[in-house]
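The values are calculated or read from the model by the stated rules, or taken from the named source; none is laboratory data. Remember, it's a predicted structure, so these values are computed and weren't measured experimentally. Positions of Cβ are generated from backbone atoms using ideal geometry, with glycine treated the same way; all protein chains shown enter the neighbour counts. Keep in mind that these areas ignore ligands, DNA and RNA; they rest on the heavy atoms of the full protein, side chains included. Shrake-Rupley method; radii C 1.70, N 1.55, O 1.52, S 1.80 Å.
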Amino acid sequence: MGVASMFLRVLSLPLLVGISALLASESLLAAPPGRKAGRNETTCCTTNTGRTACGDIMPSECNGRELKIYDRQGNRIAIIPARITPEERAALEAAKKREQEKIEKEQGQIRRDKALLDTYARLSDIDRMQKYTEDSVNTEINNILVKIGASQKKKNELAQEASPYDKQNIPPELAKSIRDEDMELQTQNELLAAKQKDLERIRQRFASDRSRFIELTKEQNKN
(Lines give C-alpha, C1' and ligand atoms only; values in the text may rest on other atoms or scores of the structure.)
Protein backbone atom coordinates (compact mmCIF):
# COMPACT_ATOMS: atom_id res chain seq x y z
CA MET A 1 0.00 0.00 0.00
CA GLY A 2 2.84 2.35 0.85
CA VAL A 3 4.43 1.91 -2.56
CA ALA A 4 1.09 2.30 -4.36
CA SER A 5 0.20 5.46 -2.45
CA MET A 6 3.65 6.95 -3.09
CA PHE A 7 3.30 6.09 -6.79
CA LEU A 8 -0.04 7.90 -6.94
CA ARG A 9 1.49 10.87 -5.18
CA VAL A 10 4.39 11.03 -7.65
CA LEU A 11 1.95 10.86 -10.55
CA SER A 12 -0.12 13.70 -9.16
CA LEU A 13 2.79 16.06 -8.46
CA PRO A 14 3.45 17.05 -12.12
CA LEU A 15 -0.20 18.00 -12.50
CA LEU A 16 -0.11 20.14 -9.35
CA VAL A 17 3.19 21.76 -10.34
CA GLY A 18 1.87 22.45 -13.83
CA ILE A 19 -1.28 24.11 -12.51
CA SER A 20 0.73 26.19 -10.03
CA ALA A 21 3.15 27.29 -12.74
CA LEU A 22 0.33 28.31 -15.03
CA LEU A 23 -1.37 30.33 -12.29
CA ALA A 24 1.92 31.92 -11.20
CA SER A 25 2.71 33.05 -14.75
CA GLU A 26 -0.50 35.02 -15.20
CA SER A 27 1.45 38.20 -15.75
CA LEU A 28 2.80 36.64 -18.95
CA LEU A 29 -0.54 35.44 -20.23
CA ALA A 30 -1.95 38.60 -21.70
CA ALA A 31 -0.70 39.22 -25.21
CA PRO A 32 -2.02 42.69 -26.12
CA PRO A 33 -4.18 42.99 -29.24
CA GLY A 34 -2.18 44.10 -32.25
CA ARG A 35 1.10 43.08 -30.64
CA LYS A 36 3.87 44.27 -32.92
CA ALA A 37 6.64 41.78 -33.43
CA GLY A 38 10.27 42.79 -33.52
CA ARG A 39 11.74 43.94 -36.82
CA ASN A 40 12.87 40.43 -37.67
CA GLU A 41 10.05 38.48 -35.99
CA THR A 42 6.82 36.88 -37.12
CA THR A 43 3.93 36.12 -34.78
CA CYS A 44 1.77 33.04 -35.43
CA CYS A 45 -1.14 31.28 -33.73
CA THR A 46 -3.75 28.62 -34.35
CA THR A 47 -7.14 30.30 -34.71
CA ASN A 48 -10.38 28.96 -33.31
CA THR A 49 -11.11 27.46 -36.73
CA GLY A 50 -7.83 25.53 -36.72
CA ARG A 51 -6.14 27.77 -39.27
CA THR A 52 -2.61 29.08 -38.72
CA ALA A 53 -2.43 32.87 -38.86
CA CYS A 54 0.90 34.76 -39.00
CA GLY A 55 2.06 38.32 -39.40
CA ASP A 56 4.65 40.94 -38.52
CA ILE A 57 1.82 42.44 -36.46
CA MET A 58 -0.18 39.93 -34.43
CA PRO A 59 -3.28 38.97 -36.46
CA SER A 60 -6.54 39.93 -34.77
CA GLU A 61 -7.59 36.26 -34.81
CA CYS A 62 -4.72 35.55 -32.40
CA ASN A 63 -6.03 37.83 -29.68
CA GLY A 64 -6.06 35.87 -26.41
CA ARG A 65 -4.62 32.74 -28.01
CA GLU A 66 -1.21 31.10 -27.61
CA LEU A 67 1.39 32.92 -29.69
CA LYS A 68 4.50 31.45 -31.33
CA ILE A 69 7.25 33.87 -32.26
CA TYR A 70 9.64 33.04 -35.15
CA ASP A 71 12.72 34.78 -36.47
CA ARG A 72 13.26 35.43 -40.18
CA GLN A 73 14.97 32.07 -40.55
CA GLY A 74 11.83 30.30 -39.33
CA ASN A 75 13.25 29.35 -35.94
CA ARG A 76 10.79 29.50 -33.08
CA ILE A 77 12.26 31.81 -30.46
CA ALA A 78 9.41 32.26 -27.98
CA ILE A 79 5.96 31.06 -26.92
CA ILE A 80 3.49 33.36 -25.17
CA PRO A 81 0.77 31.34 -23.39
CA ALA A 82 -2.87 32.04 -24.12
CA ARG A 83 -4.65 34.56 -21.93
CA ILE A 84 -6.99 32.88 -19.42
CA THR A 85 -10.42 34.17 -18.39
CA PRO A 86 -11.50 34.62 -14.76
CA GLU A 87 -13.61 31.48 -15.15
CA GLU A 88 -10.64 29.49 -16.44
CA ARG A 89 -8.48 30.79 -13.60
CA ALA A 90 -11.16 29.76 -11.06
CA ALA A 91 -11.27 26.29 -12.65
CA LEU A 92 -7.48 26.00 -12.40
CA GLU A 93 -7.57 27.11 -8.76
CA ALA A 94 -10.26 24.53 -8.02
CA ALA A 95 -8.23 21.81 -9.76
CA LYS A 96 -5.16 22.79 -7.76
CA LYS A 97 -7.16 22.63 -4.52
CA ARG A 98 -8.59 19.21 -5.40
CA GLU A 99 -5.15 17.88 -6.24
CA GLN A 100 -3.71 19.20 -2.97
CA GLU A 101 -6.57 17.65 -0.99
CA LYS A 102 -5.96 14.34 -2.77
CA ILE A 103 -2.28 14.40 -1.87
CA GLU A 104 -3.04 15.29 1.77
CA LYS A 105 -5.60 12.48 1.96
CA GLU A 106 -3.11 9.95 0.60
CA GLN A 107 -0.40 11.15 2.97
CA GLY A 108 -2.83 10.95 5.89
CA GLN A 109 -3.69 7.36 4.95
CA ILE A 110 0.00 6.47 4.81
CA ARG A 111 0.48 7.88 8.33
CA ARG A 112 -2.55 5.99 9.68
CA ASP A 113 -1.40 2.75 8.08
CA LYS A 114 2.06 3.13 9.60
CA ALA A 115 0.59 3.83 13.03
CA LEU A 116 -1.66 0.77 12.74
CA LEU A 117 1.22 -1.54 11.83
CA ASP A 118 3.41 -0.01 14.55
CA THR A 119 0.68 -0.60 17.16
CA TYR A 120 -0.35 -4.16 16.31
CA ALA A 121 1.89 -7.07 15.40
CA ARG A 122 -0.93 -9.55 14.82
CA LEU A 123 -4.70 -9.67 14.50
CA SER A 124 -5.12 -11.06 18.02
CA ASP A 125 -3.55 -7.85 19.39
CA ILE A 126 -6.48 -5.89 17.94
CA ASP A 127 -8.98 -8.31 19.50
CA ARG A 128 -7.29 -8.03 22.87
CA MET A 129 -7.19 -4.21 22.76
CA GLN A 130 -10.84 -4.04 21.72
CA LYS A 131 -11.88 -6.27 24.63
CA TYR A 132 -9.86 -4.17 27.08
CA THR A 133 -11.41 -0.92 25.78
CA GLU A 134 -14.95 -2.31 25.72
CA ASP A 135 -14.59 -3.77 29.23
CA SER A 136 -13.72 -0.32 30.57
CA VAL A 137 -16.81 1.27 29.02
CA ASN A 138 -19.04 -1.66 30.02
CA THR A 139 -17.94 -1.19 33.63
CA GLU A 140 -19.06 2.43 33.45
CA ILE A 141 -22.36 1.38 31.88
CA ASN A 142 -22.99 -1.15 34.63
CA ASN A 143 -22.30 1.50 37.29
CA ILE A 144 -24.76 3.86 35.62
CA LEU A 145 -27.39 1.10 35.46
CA VAL A 146 -26.99 0.53 39.20
CA LYS A 147 -27.52 4.26 39.83
CA ILE A 148 -30.56 4.29 37.54
CA GLY A 149 -32.05 1.36 39.45
CA ALA A 150 -31.45 3.07 42.79
CA SER A 151 -32.85 6.35 41.50
CA GLN A 152 -35.93 4.66 40.08
CA LYS A 153 -36.51 2.88 43.40
CA LYS A 154 -36.17 6.17 45.30
CA LYS A 155 -38.55 7.85 42.88
CA ASN A 156 -41.14 5.12 43.44
CA GLU A 157 -40.79 5.50 47.20
CA LEU A 158 -41.28 9.27 46.97
CA ALA A 159 -44.30 8.81 44.73
CA GLN A 160 -45.79 6.43 47.30
CA GLU A 161 -45.10 8.98 50.04
CA ALA A 162 -46.80 11.71 48.02
CA SER A 163 -49.84 9.60 47.08
CA PRO A 164 -52.02 10.73 50.02
CA TYR A 165 -51.67 14.36 48.94
CA ASP A 166 -53.19 16.29 46.11
CA LYS A 167 -50.51 17.56 43.72
CA GLN A 168 -51.10 21.11 44.95
CA ASN A 169 -50.76 20.11 48.60
CA ILE A 170 -47.55 18.04 48.55
CA PRO A 171 -45.20 19.31 51.29
CA PRO A 172 -42.46 21.54 49.84
CA GLU A 173 -39.59 19.34 51.00
CA LEU A 174 -41.20 16.24 49.54
CA ALA A 175 -41.93 18.05 46.25
CA LYS A 176 -38.30 19.15 46.07
CA SER A 177 -37.08 15.58 46.66
CA ILE A 178 -39.30 14.35 43.84
CA ARG A 179 -37.96 17.02 41.45
CA ASP A 180 -34.35 16.26 42.44
CA GLU A 181 -34.87 12.54 41.87
CA ASP A 182 -36.48 13.16 38.48
CA MET A 183 -33.45 15.27 37.50
CA GLU A 184 -31.03 12.61 38.74
CA LEU A 185 -32.84 9.90 36.78
CA GLN A 186 -32.80 12.02 33.63
CA THR A 187 -29.08 12.75 34.01
CA GLN A 188 -28.20 9.09 34.50
CA ASN A 189 -30.24 8.08 31.45
CA GLU A 190 -28.42 10.69 29.35
CA LEU A 191 -25.07 9.38 30.61
CA LEU A 192 -26.15 5.85 29.73
CA ALA A 193 -27.06 6.89 26.17
CA ALA A 194 -23.70 8.64 25.76
CA LYS A 195 -21.75 5.58 26.98
CA GLN A 196 -23.71 3.30 24.68
CA LYS A 197 -22.77 5.55 21.74
CA ASP A 198 -19.14 5.41 22.89
CA LEU A 199 -19.32 1.63 22.87
CA GLU A 200 -20.71 1.60 19.34
CA ARG A 201 -17.96 3.95 18.11
CA ILE A 202 -15.33 1.73 19.72
CA ARG A 203 -16.72 -1.32 17.92
CA GLN A 204 -16.80 0.52 14.59
CA ARG A 205 -13.24 1.80 15.04
CA PHE A 206 -11.79 -1.60 15.86
CA ALA A 207 -13.76 -3.20 13.02
CA SER A 208 -12.18 -0.65 10.66
CA ASP A 209 -8.71 -1.24 12.14
CA ARG A 210 -9.13 -4.99 11.83
CA SER A 211 -10.23 -4.77 8.19
CA ARG A 212 -7.38 -2.42 7.29
CA PHE A 213 -4.81 -4.52 9.15
CA ILE A 214 -5.86 -7.63 7.21
CA GLU A 215 -5.59 -5.70 3.92
CA LEU A 216 -2.14 -4.30 4.73
CA THR A 217 -0.67 -7.58 5.96
CA LYS A 218 -1.95 -9.37 2.87
CA GLU A 219 -0.10 -6.85 0.69
CA GLN A 220 3.04 -7.30 2.78
CA ASN A 221 2.86 -11.07 2.42
CA LYS A 222 2.50 -10.72 -1.35
CA ASN A 223 5.68 -8.69 -1.44
Once label points are set 7 Å from the Cα along Cα→Cβ at both Lys167 and Met129, what is their separation, rounded to one decimal in nm? 5.4
Once phi is turned into θ = phi - 60°, what whole-Hz ³J(HN,Hα) does the Karplus curve with 6.51, -1.76 and 1.60 give for every residue of segment 203-212, x standing for Gly and Pro? 5, 5, 5, 6, 5, 5, 4, 5, 4, 5
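Pairs to check: Lys154/Lys176; Lys131/Lys197; Lys102/Lys218; Lys68/Lys96. Give those whose C-alpha atoms are more than 23 Å from each other in this structure. Don't skip to the answer; put the middle values down first.
Values: Lys154/Lys176 13 Å; Lys131/Lys197 16 Å; Lys102/Lys218 25 Å; Lys68/Lys96 27 Å.
Flagged as over cut-off: Lys102/Lys218; Lys68/Lys96.
What part of the accessible area of segment 109-223, given as a whole %, is carbon or sulfur when the probe is 1.4 angstrom? Mind showing how you got there, number by number?
On the way: 4240 of 8350 Å².
Carbon and sulfur together cover 51 percent of it.
Let me know the charge dipole size of segment 44-203 about its Cα centre in debye, to the nearest 20, where only the beta-carbon of Lys, Arg (+1) and Asp, Glu (-1) is charged. The partial results should precede the final answer.
Values: 29 positive and 29 negative charges, 171 e Å.
For segment 44-203, the charge dipole is close to 820 debye.
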Which whole-number value in Å² is the accessible area per residue of segment 103-223, probe 1.4 Å? 72
Tell me, what HN-Hα J-couplings in whole Hz come from the Karplus equation 6.51 cos²θ - 1.76 cosθ + 1.60 at θ = phi - 60° for each residue of segment 56-71, using x for Gly and Pro? 5, 10, 4, x, 4, 5, 8, 4, x, 9, 5, 10, 10, 9, 10, 8
Amide H to amide H, which residues 5 or more places from Arg83 or on other chains are under 5 Å from it, using H placed in the peptide plane? Ala31, Gly64, Arg65
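Mind ranking Lys197, Lys68 by accessible surface for me, highest first, 1.4 Å probe? Present the calculation step by step, with values, prior to reporting the outcome.
Working: Lys197 130, Lys68 65 Å².
Ranked from most to least accessible, the order is Lys197, Lys68.
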Could you list the trypsin sites (Lys or Arg not before Pro) in segment 74-134 that lie in coil according to DSSP, counting only those with at most 13 other Cβ atoms within 10 Å of their Cβ? Arg122
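For Ser136 and Asp182, FRET efficiency with R0 = 22 Å and r from the beta-carbon atoms, rounded to 0.05?
Values: r = 30 Å, r/R0 = 1.35.
Calculated transfer efficiency: 0.15.
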Between Arg122 and Ile79, what is the spin-label point distance in nm, taking each point 7 Å from the Cα along the Cα→C-beta axis? 5.9
In nm, spacing of pseudo-spin labels at Gln196 and Glu61 (7 Å Cα→C-beta vector): 7.5
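What ranking of Tyr165, Tyr120 comes out by heavy-atom accessible area, probe 1.4 Å, highest first?
So the residues, ranked largest to smallest area, are Tyr165, Tyr120.
Can you check what the net charge comes to around Gln130, using other residues whose Cβ is under 11 Å from the Cβ of Gln130 (Lys, Arg +1; Asp, Glu -1)?
Values: positive: Arg128, Lys131, Arg203, Arg205, Arg210; negative: Asp125, Asp127, Glu134, Asp135, Asp209.
Summing Lys and Arg as +1 and Asp and Glu as -1 gives 0.
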